[in-house]
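Just below is one structure, and these are the notes that go with it.
The values are calculated or read from the model by the stated rules, or taken from the named source; none is laboratory data. What you see is a predicted model; the values in this text were computed from it and never measured. Reconstructed Cβ throughout: ideal geometry from the backbone, glycine too, with neighbour counts over all protein chains shown.
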Amino acid sequence: MCLAERTKFPSAATFPVGLSLYYVDQMDTRAPDAAHAAVDRHVTALYQAHALSLARLALLMLGDRDAAQDVVQDAFLGLYRRWDKLASADAAPAYLRASVLNGCRTLLKRRPRTALPAAEECLESAEAAMMHTEEQRVMLAAIRRLPARQRETLVLRYYLDMSEDQAARAMGVSRGTVKSATSRAIAAIGRMLKEES
Amino acid sequence: MSTLEEEIRDTLRSEAARLREVRPLQLPPAAAAHESRAVPRASWARWLRAWHGPAVAVAVVALVAGALVILKSLRNEPAAPMASTSTVESSASAAAAAAGGGVGVAVGAAPRYYVELGWAKNDKSWAIIVGDRQAGKTIATFPLAKGGTLFDAGVSGAADDRTFVVSTAPSSGVAGPPTWYRVRIFPDAADPVRITKLPIEFPANEGVREIALSGDGTELAVVSMTGNAAFKEGVPLTLRVYSVATGRLRHSWSAGLSATAGNPEPIADLSWVGDSTVGFAVTYSPEVRETVRTLDVSKTGTNLLADSRLVWSQYVPAAPHGTRNAPHACDTPFLTGDGQAVVCGNSTYSPGDKRLSAVWLAYPLATPTRPRVIGSIQQPKDVSGFNGKISVDWTNASGTEVIGSWNPSVQVVDHGGPATQVTNYTGVIGNGKVKKFPPVLGAKVAW
C-alpha cells in the first residue's frame, strides 16, 4: 500500500508552502535506508492484512491465545528476516501460513504431556461464553482432545475449507493420510459426544 | 457434508471468531534486521517464560530458608515486629505505586506514538508535534507556515501506530482550503518523521470539524461545515470520505444537522469499523440524548442520518446545574474497531465517601444496559468536578483498553478570591486500572 502511494506523489520538498523551508529540507534530504523501509512497509501491510486470520488458525491448533500470537509474531519475524529470499511478494501469505502451521506443530511437540486447555478454561468473559452454545462447548472440548495431526486435518479441512489435496500439501503428507486422519478424527469426536451425552 | 462435519465447521469458526485482535507487530531494529540472533524469537521467550515460574519458586524457597535462618539466629527477638515492618513496607510500596498511577497495567497494546497539534515550544507558531509516549519525549516538531492555524484542524492515526493524517487551516482571514499532510514515523531511520502533503480535494469554503483515518490508512472520513476558522450557527454538517492515495472524494453525505452554541459538535467521534463502515456519534442536545450510528461508506447516498443505522442510544435526563452527583452524559462515545461496543468516559459519585471518580465504560451493543468498566480512578476529596470531557482519545479494537484524559478541578483561594485549579491527566486505562503518563496538551491529539 505505502510503496505504491509513495511512487505516485512528489516528495515533500517539492511542495512550495505549508512548512518552513528549513524543516522541509530536513525532512527529505536525509534519505533513510530505503530497502529496509520497504521491507518494513511490506511486512507491516501483510501483518495488517493477515495477522488476525493466522492468529485464529493458530488458536484453533493450540487452544492458547498467547501462544497463538507468539507463533504468528515468529512467523512474521521470520518473513522479515528472509524477505530477500522470498521468490515474490505474492508468495508471502502462503509462506506465512506454512510458517504458522510449523510453529504450532513445533510447540505441540514440545508439550506432549500437557493437554490443551478445556474450552471452559479459555473462556474469559461472560460475553465470550455467550458466543458458544452448549453443544459447541462440548464439541470444542472433543476437538481439543484429539491428537495434534487429527486436529490439524480438521482445522485445514473444515476451518480453512481446504480440499484433501491442499491439506496434504500444507501438512507435507499424502492425500491418503489426510483422508484417514480426518475420518478417524470425526469418528473419535462422534464417540466422545456420545460418551458426553 | 454430514451433520457432524457441519457442526465441527461451525464450532471451529465460532471459536476462531472469539479472537478479535492481535497485538502490534514488533519488528527488530534496522541494524538487527538480518541478524537472527539479535532479536529473541517468541518461542525462545516462551522457553524463558516457562522457566520463570520454577526460578521464582526456587528464589522464594531460598528466601524463606534465609529468613528462617535469620529468625533462628535472633532467638531472643520476637518475630512479630518483623512481620509488622514487612506489612508496613508493603502498604507503603503499594501506596507509592498507586500514587504513581496504578500497578500492573499492561500497556503493550496501547499505541506508542502520537501526533499533536499544538504550540511549538521554542517557536512562536503553531506546529505539528510528533511524540513518543514510551520515551516521554517529542521526536519532531514541524512549525506551520506563518499564520497557519489550528482552529479548523484535524488529526487522526491509522492502526499501524506509524501513519497519521493532519489538516490545518489556512492563515486567519485568508480564504482557501485546509492543507493536508501525511505524517509517517520510521523509528529506526535517520529522519524518523517524514511529512508529505496530500492532495485532498476539499472545498475551499469549508472548515474541518473532525477527521478519521481508516485502520489501514487508505481512506479518510471528514466532517466539515461551511465557513473557515469561525463557528457559525445553523450551518449544516457534511461527512465526506476520501481516498488518501488519490485525494479524490469517494462519497458525501449531508447531515441535515447544524451546530449550535449549546451543541457545537452534533456529529463527532468518528471511527472506522473495517474499511467500509464509519461510526459516528450524534448528539441531539447536550446532556440529553446521545446516539452512535454506522454508515456503510462503500454505498452511495446523500442523507447521513437516513442512510446510516442507529446502533446505540443513551438518554440522560437534565439535572440541576453544578450537582456533583448529577447524571452525566457519556463523553466521546466511540464505536470500537470491531463494531461490537461503544466506549466512552464518564464520572461517578460515591455518596459514602463523597468522592468523584473518572470512569471509562464499554457498552456492548448486544447488551447495552450492562456496561463493562474498562477502568476508573477515584479523585481526592477536594476535587469538586471535572473541567471538560472525560475523554477517550484512543481505543483498541475490542474496547478493553483506552487512552483517556481527565481534568479534575479544585476550588482554591487565589489572590484573595475563589478560583478553580485544573490539573490535566492522560493515561492508559485497562483491566480496571489506570496508568498515567505525562499529559499531551495539544489542541488536538491522535494516537
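Scan segment B:172-221 for residues that are surrounded by fewer than 20 Cβ atoms within 10 Å (Cβ to Cβ) and hydroxyl-bearing (Ser, Thr, Tyr) and the total you get is 2. In segment A:153-181, what residues are of a type in the set (S, T, N, Q) and either closer than 19 Å to B:GLU15 by Cα or in a loop (DSSP other than H, G, I, E, B) (or both)? Residues satisfying the conditions are A:THR153, A:SER163, A:SER174.
Yes or no: B:GLU206 on the phi < 0 side of the Ramachandran plot, modelled with pLDDT of 90 or more and charged (D, E, K, R)?
no
Taken over segment A:47-63, the residue count meeting the criterion of being crowded, with 21+ Cβ neighbours inside 10 Å, over 20 Å from A:ARG137 (Cα atoms) and over 8 Å from the mean Cα position of the chain (by Cα) is 1. Within segment B:357-382, residues that are touching a residue at least 24 places away in the same chain (Cβ under 8 Å) and within 14 Å of chain A (Cβ to nearest Cβ) have Cβ atoms under 7 Å from residues that are among the hydroxyl-bearing types (Ser, Thr, Tyr) and buried (at least 20 other Cβ atoms within 10 Å of the Cβ) in these pairs: B:ILE374/B:THR400, counting only partners at least 6 apart in sequence or on another chain.
Scanning segment A:143-197 for residues that are among the β-branched types (Val, Ile, Thr), touching a Leu at 6+ places or on another chain (Cβ under 9 Å) and more than 16 Å from B:GLU6 (Cα to Cα) yields one hit, A:VAL178.
As a summary of the residue check, A:ALA87 satisfies the conditions (1) over 30 Å from B:THR168 (Cα atoms); (2) at pLDDT below 80; (3) more than 8 Å from every other protein chain (Cβ to nearest Cβ); (4) surrounded by 13 or more Cβ atoms within 10 Å (Cβ to Cβ) except for the one numbered (4).
On inspection, B:VAL428 fails the criterion of being in contact (Cβ under 8 Å) with a residue 24 or more places away in the chain, closer than 24 Å to B:ILE128 by Cβ, part of a strand (DSSP E or B) and touching a Cys at 6+ places or on another chain (Cβ under 8 Å).
Selection of segment A:64-78 for residues being within 13 Å of A:PRO93 (Cα to Cα) and either surrounded by 21 or more Cβ atoms within 10 Å (Cβ to Cβ) or at the interface with chain B (Cβ under 7 Å from one of its Cβ atoms) (or both) yields A:VAL72, A:ALA75, A:PHE76. Residues in segment B:431-447 that are assigned to a strand (DSSP E or B) and under 18 Å from B:PHE386 (Cα atoms): B:VAL434, B:LYS436.
Considered as a group, the residues in segment B:123-151 that are out of contact with any strand residue (DSSP E or B) (no Cβ under 8 Å at 6 or more places or on another chain) and of a type outside the set (Lys, Arg) include one that is modelled with the lowest pLDDT, and that residue is B:GLY147. If you go through segment B:349-365 and pick out every residue that is at pLDDT below 90 and either under 25 Å from B:GLY279 (Cβ atoms) or not in a strand (DSSP E or B) (or both), you end up with 4.
Does B:SER405 fit the bill of being assigned to a strand (DSSP E or B), among the hydroxyl-bearing types (Ser, Thr, Tyr) and modelled with pLDDT of 90 or more? Against the criterion (assigned to a strand (DSSP E or B), among the hydroxyl-bearing types (Ser, Thr, Tyr) and modelled with pLDDT of 90 or more), B:SER405 qualifies.
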